[in-house]
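Undergrad: Structure in structure tokens, see below.
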Amino acid sequence: MSLLVITGPTASGKTSRAIDIARATDGEIISADSRQIYRGMNLGTGKDLHEYGNVPYHMIDICDAGYKYNLFEYLRDEQIARTEIESRGRQPILCGGTGLYVESVLKGLALPPVPENKELRARLAHISLPELTDMLASMKTLHNTTDVDSCKRAIRAIEIAQYYHEHPDAAAQATPHPLTDAVTIGVSIDRDSRRARITARLAQRLDDGMIDEVKGLLDSGISAEDLIYYGLEYKFITRYLTGQLTRQEMVEQLETAIHQFAKRQMTWFRGMERRGFPIHWLDWDMPRDEFVDAVMQLMNRP
């Protein structure tokens, strides 16, 4: 089954579009947002989980905030989710604005082989399966039980997880297998409308308690440094809460940063097109039925 991708800049409304398509195609959504994977980071990442209704979603709330999830983990976990969706005969829909994730999936990047770590295996050889399971759970999200159905499998899973954390440059070894039958839809929004929506959305999220969300994460023991690492809302609100910015400075600098981020997203998408990944752009304000019909026609094209 061909992968359908719904992407576009922040505030373009791509999530609601993906949900409409999922309902029309009996689909399931796989998030391609680098921050929605973290639990407790809701308003700042725009999860809007109430919009999904009965539409299944994946790759959201799979890690604790404070963890530094990486591309290798994403590619692995996205492939698992997509395979499971396809095994149910349902349509996989990749939705999100993290261009690196979207392009890497479309490239069909494969994780490089992980060599045997004899020293690690020797250290873990006499540890019980429950202890190995706990150790692995502290390193990655356990999507299923196959990694921990035996000590041997658990040790190998720990070995792989540790290798990817220690070798972030291993991406250079990845072998691409491009998804030639994927259909990529871009939600196009003009600059003025995008800016207006970003401004209105930021004000609404602040009213909804986004500052309290970040304060709660800090109070839970997550360091300011770790939250700043996640950028945008978490960076500037953390700086406000730690006394580095006034509230007005925080709001003004955050809004500017989000506008700049949207511009960088569009630069990435245009680069994808130049690199051979066609994007079919549809207007953000198209009537719902027309948008769905246009996507269905693109999916059914020979």
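Undergrad: Scan G221, G216 and give me the residue that is modelled with pLDDT of 95 or more and not in a helix (DSSP H, G or I). Break it down stepwise before answering.
TA: Values: G216 fails: not in a helix (DSSP H, G or I).
That would be G221, the only listed residue that is modelled with pLDDT of 95 or more and not in a helix (DSSP H, G or I).
Undergrad: Being in a helix (DSSP H, G or I) and either in contact with a His (Cβ under 8 Å, 6 or more places away or on another chain) or open to solvent by 70 Å² or more (accessible area, probe 1.4 Å) (or both) is the filter here, so list the residues in the stretch 244-255 that pass it.
TA: Those that are in a helix (DSSP H, G or I) and either in contact with a His (Cβ under 8 Å, 6 or more places away or on another chain) or open to solvent by 70 Å² or more (accessible area, probe 1.4 Å) (or both): R247, Q248, E249, E252, Q253.
Undergrad: Evaluate the following for A22: is it surrounded by 17 or more Cβ atoms within 10 Å (Cβ to Cβ) and assigned to a loop (DSSP other than H, G, I, E, B)?
TA: no
Undergrad: When the stretch 214-231 is examined, which residues are found to be open to solvent by less than 30 Å² (accessible area, probe 1.4 Å) and in contact with a Lys or Arg (Cβ under 9 Å, 6 or more places away or on another chain)? Outline the logic, then answer.
TA: Narrowing the stretch 214-231 to residues open to solvent by less than 30 Å² (accessible area, probe 1.4 Å): 214, 217, 222, 227, 230-231.
Of everything in the stretch 214-231, those that are open to solvent by less than 30 Å² (accessible area, probe 1.4 Å) and in contact with a Lys or Arg (Cβ under 9 Å, 6 or more places away or on another chain) turn out to be L227, Y230, G231.
Undergrad: Could I ask something else about it? Would you be able to say whether some residue in the stretch 93-103 is surrounded by fewer than 16 Cβ atoms within 10 Å (Cβ to Cβ) and either more than 21 Å from Y164 (Cβ to Cβ) or of a type in the set (D, E, K, R) (or both)?
TA: no
Undergrad: Quick one: in the stretch 232-243, of everything that is without any contact (Cβ under 8 Å) to a residue 40 or more places away in the chain and in contact with a Leu (Cβ under 6 Å, 6 or more places away or on another chain), which residue is most open to solvent (accessible area, probe 1.4 Å)?
TA: Only one residue fits best here, namely R239.
Undergrad: Which condition breaks for H126 when tested against (1) part of a loop (DSSP other than H, G, I, E, B); (2) surrounded by 14 or more Cβ atoms within 10 Å (Cβ to Cβ); (3) without any contact (Cβ under 8 Å) to a residue 40 or more places away in the chain?
TA: (2)
Here is a yes/no grid of residues against (1) among the charged types (D, E, K, R); (2) surrounded by fewer than 18 Cβ atoms within 10 Å (Cβ to Cβ); (3) in a helix (DSSP H, G or I):
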| site | (1), (2), (3) |
| --- | --- |
| E28 | yes, no, no |
| F72 | no, no, yes |
| E84 | yes, yes, yes |
| L120 | no, yes, yes |
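Undergrad: L282: open to solvent by less than 50 Å² (accessible area, probe 1.4 Å), out of contact with any helix residue (DSSP H, G or I) (no Cβ under 8 Å at 6 or more places or on another chain) and under 18 Å from T7 (Cβ atoms), yes or no?
TA: no
The values are calculated or read from the model by the stated rules, or taken from the named source; none is laboratory data. Since we're looking at a predicted model, the values are computed, not measured. Positions of Cβ are backbone-derived with ideal geometry, glycine not excepted, and every protein chain shown enters the neighbour counts. Ligands, DNA and RNA are excluded from the accessible area calculation, which covers all protein heavy atoms including side chains. Shrake-Rupley method; radii C 1.70, N 1.55, O 1.52, S 1.80 Å.
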